[in-house]
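Asks: The structure's right below; bear with me while I get my questions together.
Quick note: the coordinates plus some simple rules give every number you see, no bench work behind them. On a predicted model such as this, the values are computed, not experimentally measured, just so you know. Neighbour counts are summed over all protein chains in view; Cβ atoms, including those assigned to glycine, are modelled from backbone coordinates with ideal geometry.
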């Protein structure tokens, strides 16, 4: 994990929390799956199914805004559909949840550091 980028995400969001970690990790998954080399040059559109903390990671990392390339469906589901306009690839990343009882700090750590497959589903968009 890029610790400097995580710290900047926290600064953008205003506080550190598991929700921001969910969005941050979803963006990392999207970056890899959509073959994005640098975040600064990415031409990404996103449909977020939550308006809560996770979407701030999308705003910060991909520069998505509601005025340009971010649509928010207020379903309360921690899921994101990402489209890469440069190569036409698209994916949906959805947080599965964590089954064990953890405090906020441990939950955040697991989301950011454990294998993403434990906590997220990844589907190609056709």
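Asks: Between residue 4 and residue 66, with labels modelled 7 Å along Cα→Cβ, what's the label distance in nm to one decimal, could you check?
Replies: Simple spin-label model gives 3.2 nm for this pair.
Asks: Could you check which residue among 102, 112, 34 shows the biggest mean-square fluctuation in a GNM of the chain with a 10 Å Cα cutoff?
Replies: Of the options given, 102 has the highest mean-square fluctuation.
Asks: Using Cα atoms only, what is the angle between the long axis of helix 104-113 and the major principal axis of the chain, expressed in degrees (0 to 90) to the nearest 10?
Replies: The two axes meet at around 50 degrees.
Asks: Between residue 122 and residue 16, what is 0.36 nm times their sequence separation minus the Cα-Cα distance? Round to one decimal in nm. Numbers along the way, then the final one.
Replies: Values: separation 106, 0.36 × 106 = 38.16 nm, distance 2.46 nm.
Full extension from residue 122 to residue 16 adds 35.7 nm.
Asks: Something else now. Run a plain Debye calculation on region 66-110 (Cα atoms as equal point scatterers, no solvent) and give log10 I(q)/I(0) at q = 0.21 Å⁻¹, rounded to two decimals, same order as the q list.
Replies: Per q value, in the given order, log10 I(q)/I(0) is -0.87.
Asks: May I ask you to derive the relative contact order of the chain, considering only C-alpha pairs under 8 Å and at least 6 residues apart, and to give it as an integer percent?
Replies: Rounded, it is 28 percent for the chain.
Asks: Something else about it: Given the chain, what percent of its DSSP beta bridges are antiparallel, to the nearest 5? Please report the intermediate quantities before stating the final value.
Replies: Values: 15 of 18 bridges.
Percent antiparallel among DSSP bridges in the chain is about 85.
Asks: Round to a whole angstrom and tell me the spacing of the C-alpha centers of region 1-16 and region 63-100.
Replies: What the calculation gives is 19 Å, centre to centre.
Asks: Now a separate question. Here are a few candidate values for Cα Rg over 2.2 N^0.38 Å: (1) 1.74; (2) 1.41; (3) 0.97. Which one was actually calculated from the structure I just gave you?
Replies: After the calculation, the listed value that fits is (3).
Asks: Now, a different point. Taking 30 Å as R0, compute the FRET efficiency from the Cβ-Cβ separation of residue 52 and residue 89 and round it to 0.05. Can you show the working numbers first?
Replies: Values: r = 26 Å, r/R0 = 0.87.
Plugging the Cβ-Cβ distance into 1/(1 + (r/R0)^6) gives 0.70.
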